[in-house]
Amino acid sequence: MDVDAKKRQVARAALELVPEGATLGIGTGSTVNLFIEALAEHPGRIRNAVSSSEASSARLRTIGIPVLELNDLPGLDLYIDGADEANPARQLIKGGGAALTREKIIAAAARRFVCIVDETKLVATLGKFPLPVEVIPMARELVARDLARRGGRPVWRAGCVTDNGNHILDVHDLRITDPVGLEAAINQVVGVVTVGLFAARPADVLLVGTSNGVQTR
Ligand code: 5RP
């Protein structure tokens, strides 16, 4: 079974965890796109959604799902999103799709975060996937020097402007043995908007698409 088929099966499995008529937080990426495709086959399954990107919002509107502002809601019951890496503690690296800041906001607002990945995303220690950091554009090099002092190799994702108008640094060569500590430390660097480590608030459920079916962790 190829990676796309694993993504498709995990996206479909996530649909079973969605309560009828829910207001859903929905993330960004190819796995989430397959989840939105699955939603399209079940009109009325969710009432509306808050989305982590303009791209996902457009897809949701195309299938007739109203997209709300988080500010107009008291919170969210459930958030469904993918990830770039996941460790056994369900801590994640996210931001390959440059939507990490809105994703972290939605994760913070949601009572339950269900992360959907294929098995290639599973790692023992986070850091093989370059860690995305969203930065205020004028602080890009200032932040990059700080990240280099921490042992990383930041690379500017040239040409990428986030939905918030910011830049992304992808930090290579990290072996993240203290995800909660590193998340807190990078978030403190002046000029950083968000680091794509989801460790202090990990996923509550990890659904993994494998050759042997969908596993729940
Ligand atoms: C976007 C993300 C995505 O969840 C992550 O990049 C995974 O994407 P895909 O489902 O395409 O593998 O964090 O910012």
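Express the relative contact order of the chain as a whole percentage, based on alpha carbon pairs under 8 Å and six or more residues apart in sequence.
Numbers: 484 pairs, mean separation 49.7, N = 217.
Taking the mean separation of contacting Cα pairs over the length of the chain, I get 23 percent.
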Sketch the reach of a paramagnetic label on Arg217 as a point 7 Å from Cα along Cα-to-Cβ, and name the residues of region 67-81 whose backbone nitrogen lies under 20 Å away.
79-81
Mind checking region 1-85 for GluC sites (Glu not before Pro) that DSSP puts in a loop (not H, G, I, E or B) and that have at most 14 other Cβ atoms within 10 Å?
Glu16, Glu20, Glu41, Glu69
Calculate how steeply helix 3-15 sits against the longest principal axis of the alpha-carbon atoms of the chain, using the helix alpha-carbon long axis, and give the answer as 0 to 90 degrees to the nearest 10.
60 degrees
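Considering only protein heavy atoms, what per residue accessible area in square angstrom results for the chain with a 1.4 angstrom probe?
On the way: 9720 Å² over 217 residues.
Accessible area per residue: 45 Å².
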Students sometimes get this wrong: rank Phe129, Phe198 by accessible area, probe 1.4 Å, all chains present, largest first.
Phe129, Phe198
With every protein chain in place, region 131-195: carbon and sulfur % of accessible area (1.4 Å)
55 percent
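First check a/c for region 131-195, with a ≥ b ≥ c the square roots of the eigenvalues of its C-alpha gyration tensor; if it is under 1.5, answer rounded, and if not, answer prolate when a/b is larger than b/c or oblate otherwise. Intermediate values should be presented prior to the final figure.
Numbers: a/c = 1.72, a/b = 1.52, b/c = 1.13.
In terms of gyration-tensor shape, prolate.
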DSSP bridge pairs, region 1-136: antiparallel proportion in percent, nearest 5
10 percent
What number, in percent, do you get for the relative contact order of region 29-140 if the mean sequence gap of Cα pairs under 8 Å and at least 6 apart is divided by its residue count?
27 percent
Which whole-number percent gives the relative contact order of region 131-195, counting Cα pairs below 8 Å spaced six or more residues apart?
47 percent
Can you compute the modelled spin-label distance between Met1 and Arg145, with each label point 7 Å from Cα toward Cβ, in nm?
5.0 nm
Between the DSSP loop rule and a limit of at most 11 other Cβ atoms within 10 Å, which trypsin sites (Lys or Arg not before Pro) in region 110-199 are left?
Arg175
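The values are calculated or read from the model by the stated rules, or taken from the named source; none is laboratory data. Not measured: the values here are computed from a predicted model. So basically every Cβ, Gly included, is an ideal-geometry build from the backbone, and we count neighbours across all protein chains shown. Remember, those area values only see protein heavy atoms, side chains included, never the ligands or the DNA or RNA. Shrake-Rupley method; radii C 1.70, N 1.55, O 1.52, S 1.80 Å.
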